[in-house]
Amino acid sequence: MSDRKLRWGLLSTARINRALIPPLRMSPRNELVAVASRTQEKADAYAREWQIPKAYGSYEALLADPDIDVVYVPLPNSMHEHWTIEAAKAGKHVLCEKPLAISVAEVDAIRAVAEQAGVVVTEAFMYRHHPQTLKVKELVDAGAIGQVRLVRGSFSFNLTREGDVRLDPLLGGGSLWDVGCYPVSYARFVLGKEPVEVFGRKVVGRSGVDETFTGNLRFPDNVHAQIDCSFRATFRTHVEIVGSEGAISIPHPFKPGLEEQIFITRGDDSERIAIQGQELYLGEVEDMADAVLLGRPPRISLADSRANVAALVALLESAERRQPVPIA
Ligand SMILES: NC(=O)c1ccc[n+]([C@@H]2O[C@H](COP(=O)([O-])OP(=O)(O)OC[C@H]3O[C@@H](n4cnc5c(N)ncnc54)[C@H](OP(=O)(O)O)[C@@H]3O)[C@@H](O)[C@H]2O)c1
């Protein structure tokens, strides 16, 4: 079993493929064998450019290839559920881009099919596998800042590409689904709890999606998270975790690099903690190999993804109704 390689297929020629292809080639337990696109011409050109052995002119054709073990789903958000389910039904394990789906019912449908097919399905929140994230969690759990009271998280950038899928409401666009999902995920992860109530506000752009979103999430024991995200603000990512005895500041929480640093402040003292990182997208590729080849649970379970989607849906509902929304 130990020298078996997982053979991967890419479901589309999405830009984000560029992040996954190098780790697939770096990892001794994984290899990239195929790409599919909506046209054969595009698939062929992409396969030539990236030196991928097989090119398919439809997503269905790639799923019918018995040589493929794992499918990567980097499609627009509204298509994640359909193609993850189709891949699982074809007996493929699936690494699906964030957000796994855009409703809780969709996550439940994915889970039912994955269980029936006996395949691994996991969400590609790459930051969750990085040593920095694991170190932050370890510090919080060890009480390095006392009792956690508040998590603040931000992810913004200026979206300048015309016609980007992120601006299309029918494709699951919007800043909360695209980048607001990161601080929500981060807060839930470090707190190890789920929000019980949320309040959101949005600024809607010309295309009808939220282009800026701010949200408050109330967790049990009156712990809060505040998040903000935007397509219309300078590139900026940050997480701060505030406790009774100190605060942790994480300058690069969602796209950490090879050499990182985080800071713990306690009163006037500031402690710098250096972190040896790893190639950002390698973790999710190795995690899939651990899950399929070694039978380990993937780091991001479907229950975890479901809770993230539930929080995001509640935030959107709250912003629409201009009222706090409880989460069951
Ligand atoms: N984890 C991360 O760091 C990260 C970063 C960026 C994006 N993402 C996620 O990855 C996904 C894709 O993002 P992206 O920026 O890579 O998108 P993108 O470049 O626009 O790619 C989406 C691909 O989907 C296919 N597609 C099928 N139907 C489509 C339709 N109706 N309209 C447009 N494209 C369609 C197209 O491929 P074909 O023409 O080849 O069929 C297209 O290339 C999103 O879910 C996003 O949240 C994750």
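Within the group Arg236, Arg296, which residue is assigned to a strand (DSSP E or B) and more than 17 Å from the chain's Cα centre (by Cα)?
Sole residue among the options that is assigned to a strand (DSSP E or B) and more than 17 Å from the chain's Cα centre (by Cα): Arg236.
In region 133-173, which residue that is β-branched (Val, Ile, Thr) and within 16 Å of the ligand (Cβ to nearest atom) is farthest from Leu316 (Cα to Cα)?
The qualifying residue farthest from Leu316 (Cα to Cα) is Thr133.
Residues checked against (1) touching a residue at least 24 places away in the same chain (Cβ under 8 Å); (2) within 16 Å of the ligand (Cβ to nearest atom); (3) buried (at least 20 other Cβ atoms within 10 Å of the Cβ):
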{"residue": "Ile273", "(1), (2), (3)": "yes, no, no"}
{"residue": "Gln278", "(1), (2), (3)": "yes, yes, no"}
{"residue": "Met288", "(1), (2), (3)": "yes, yes, yes"}
{"residue": "Ala311", "(1), (2), (3)": "yes, no, yes"}
{"residue": "Ala314", "(1), (2), (3)": "yes, no, yes"}
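Might you let me know whether region 24-37 holds any residue that is outside any helix (DSSP H, G or I), of a type in the set (S, T, N, Q) and in contact with a Ser or Thr (Cβ under 7 Å, 6 or more places away or on another chain)?
There is at least one residue in region 24-37 that is outside any helix (DSSP H, G or I), of a type in the set (S, T, N, Q) and in contact with a Ser or Thr (Cβ under 7 Å, 6 or more places away or on another chain).
Could you list all residues from region 133-159 that are touching a Ser or Thr at 6+ places or on another chain (Cβ under 9 Å) and part of a strand (DSSP E or B)?
Passing the criteria: Val148, Arg149, Gly153, Ser154, Phe155, Ser156, Phe157, Asn158.
Give Leu24, Leu62 a once-over and let me know the one that is of a type in the set (A, V, I, L, M), in contact with a strand residue (DSSP E or B) (Cβ under 7 Å, 6 or more places away or on another chain) and within 12 Å of the ligand (Cβ to nearest atom).
Leu62
Would you tally the residues in region 174-198 being under 24 Å from Ile250 (Cα atoms), away from the ligand (no atom under 15 Å from the Cβ), of a type outside the set (Val, Ile, Thr) and not in a loop (DSSP other than H, G, I, E, B)?
Of the residues in that region, 4 qualify.
Based on what the data block shows, is Leu75 touching a residue at least 40 places away in the same chain (Cβ under 8 Å), within 13 Å of the ligand (Cβ to nearest atom) and part of a loop (DSSP other than H, G, I, E, B)?
So Leu75 fits the description; yes.
Bear in mind these aren't lab numbers, they're just calculated from the coordinates by the rules spelled out. Remember, predicted model here, so these are calculated numbers, not experimental data. FYI the Cβ positions are ideal-geometry reconstructions off the backbone, even for glycines, and counts take in every protein chain you see.
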